[in-house]
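Any read-out appearing in this document is the output of simple, stated calculations on the displayed coordinates, not a laboratory observation. This structure is a prediction, so every number in the text was calculated from the model and none was measured. Cβ sites come from the backbone with ideal geometry, for glycine too, and all protein chains shown count toward neighbours.
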Amino acid sequence: MRLESERIFLRPLCELDATIILESTMDQEIRYMTGTKSIFSLDQIIKHIEHINNDESRYDFAICLKESDEMIGELSILDIDEDNKKAGFRISMAAISLTGKGDGTEAIKIVLQFVFEQLQLNRLQLEVFSHNTRGIRAYEKIGFVKEGVLRQSLYIDNTYSDEIIMAILKSDYK
């Protein structure tokens, strides 16, 4: 499955993406923004990709530039609950230098169309840490609404951060 827009496309993650994902998990700023504390090996990431590609409750995509086929990030629609017509969402660019260019926003717009029009879900939810102000602004701009706060949910770099729960409904999307 390939989902496209003007500048980017989404394709399923594959084993060849493992090196790029590993590098992004070592980027200190990406680790901070995503609240990642664990250290991963290439083998763990390869096994993770194998596992998620066999999990029918999720879709995992590489975010790629059309002009070069370069993978610039990844995203997941996860914990799909067909009975309640909802799912979780996460996105991460491969490096901070790749943020602020609109590619993540474009990828989310592709995902929203897929989630609400093809999967026929009603709700897409994400969690974002309060120190990720750029991410929060981007989610709000697309239509995600803050619904709750888990106060001081993350302790990283000797500081507490809140975990903000945001969601977009099919009615918000339309």
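The table below gives the values:
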{"quantity": "Residue among 17, 83, 43 with the largest mean-square fluctuation in a Gaussian network model of the chain, springs linking Cα atoms under 10 Å", "calculated": "83"}
{"quantity": "Separation in nanometres of the label points that stand 7 Å from Cα toward Cβ, at residue 171 and residue 4", "calculated": "3.5 nm"}
{"quantity": "Of 37/109; 101/170; 101/141, those spanning more than 18 Å from alpha-carbon to alpha-carbon", "calculated": "37/109; 101/170"}
{"quantity": "Top positive-direction residue, dipole computed over the chain with Cβ charges, set 53, 171, 159", "calculated": "171"}
{"quantity": "Candidates per trypsin sites (Lys or Arg not before Pro) in segment 35-92, loop by DSSP, up to 11 other Cβ within 10 Å", "calculated": "37"}
{"quantity": "Of 102, 75, 89, farthest towards positive along the dipole that unit charges on Lys, Arg, Asp, Glu beta carbons give segment 63-110", "calculated": "102"}
{"quantity": "Gaussian network model of the chain, springs between alpha carbon atoms under 10 Å - residue of 130, 153, 92 with greatest fluctuation", "calculated": "153"}
{"quantity": "Unit Cα scatterers, Debye sum, segment 84-141: log10 I(q)/I(0) for q = 0.19, 0.24 Å⁻¹", "calculated": "-0.74, -1.07"}
{"quantity": "Fraction in percent of alpha-carbon pairs per bin - 5 Å, segment 48-90", "calculated": "6, 21, 24, 19, 15, 9, 4, 1"}
{"quantity": "GluC sites (Glu not before Pro) restricted to DSSP loop in segment 66-135 with at most 10 other C-beta within 10 Å", "calculated": "67"}
{"quantity": "Solvent-free Debye scattering, log10 I(q)/I(0), computed from the Cα coordinates of segment 120-174 at q = 0.13, 0.15, 0.29, 0.30 Å⁻¹", "calculated": "-0.34, -0.44, -1.12, -1.16"}
{"quantity": "Cα→Cβ-extended label distance, 7 Å offset, between residue 29 and residue 67, nm", "calculated": "2.0 nm"}
{"quantity": "Net dipole in debye of the chain [+1 Lys, Arg Cβ; -1 Asp, Glu Cβ; about Cα centre; nearest 20]", "calculated": "640 debye"}
{"quantity": "Positive-end extreme of charge dipole, the chain - chosen from 142, 114, 125 (charges on Cβ)", "calculated": "142"}
{"quantity": "Pairwise FRET efficiency - residue 152 versus residue 11, Cβ, R0 = 41 Å, nearest 0.05", "calculated": "0.60"}
